Amino acid sequence: MLLVLISFLGIHFFLDVQTQTVSQSDAHVTVFEGDSVELRCNYSYGGSIYLSWYIQHHGHGLQFLLKYYSGNPVVQGVNGFEAEFSKSDSSFHLRKASVHWSDSAVYFCAVS
């Protein structure tokens, strides 16, 4: 079996007097290839919400995965990723049903 290491970090944005914060509680997640994974993202912001997930493979720039701004709380992204927006929990968790070794990367959750 091949291990897939998925790292992720939070991004903080500071705009004028309103502060938007994003926290990702786990610094590293290790799963076996074929397993499901959930990367947690919680945010703090009182205005209109635009939430995104990005991926960065080693030695490459950021790539867009998916974005939520309104409508269906479950957002389908590229390569089998999906995320679910929960206003009551202030969360936007990223999931994938079956990870592949190529999913090993750094994942970023962002709010704007």
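The values are calculated or read from the model by the stated rules, or taken from the named source; none is laboratory data. Not measured: the values here are computed from a predicted model. Virtual Cβ from ideal backbone geometry, glycine too; neighbours counted across all protein chains shown. To get the accessible areas, we keep the full protein, side chains included, count just its heavy atoms, and leave off ligands, DNA and RNA. Shrake-Rupley method; radii C 1.70, N 1.55, O 1.52, S 1.80 Å.
Okay, residues lined up against (1) in a strand (DSSP E or B); (2) modelled with pLDDT under 95; (3) touching a His at 6+ places or on another chain (Cβ under 7 Å); (4) not aliphatic (A, V, I, L, M):
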| site | (1), (2), (3), (4) |
| --- | --- |
| Thr21 | yes, yes, yes, yes |
| Ser25 | no, yes, no, yes |
| Val29 | yes, yes, no, no |
| Gly46 | no, yes, no, yes |
| Ile49 | no, yes, no, no |
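Remark: pairs (first residue in segment 56-81, more than 11 Å from Val106 (Cα to Cα); second residue of a type in the set (Asp, Glu); Cβ separation under 8 Å; 6+ apart in sequence or on different chains) = Leu66/Glu82; Pro73/Glu84; Val74/Glu82; Val74/Glu84; Val75/Glu82; Val75/Glu84; Gln76/Glu82; Asn79/Asp103. Restricting to segment 51-73, what's the tally of residues that are buried (at least 18 other Cβ atoms within 10 Å of the Cβ) and assigned to a loop (DSSP other than H, G, I, E, B)? Counting residues in segment 51-73 that are buried (at least 18 other Cβ atoms within 10 Å of the Cβ) and assigned to a loop (DSSP other than H, G, I, E, B) gives 0. Residue check: His12 meets all listed conditions (1) open to solvent by 90 Å² or more (accessible area, probe 1.4 Å); (2) modelled with pLDDT of 80 or more but one, namely (2). Note on segment 74-101: residues that are open to solvent by 50 Å² or more (accessible area, probe 1.4 Å) and either at pLDDT below 95 or outside any strand (DSSP E or B) (or both) total 10. Of all residues in segment 26-79, those satisfying the criterion of being among the hydroxyl-bearing types (Ser, Thr, Tyr) and under 14 Å from the mean Cα position of the chain (by Cα) are Tyr43, Tyr50, Ser52, Tyr54, Tyr68.
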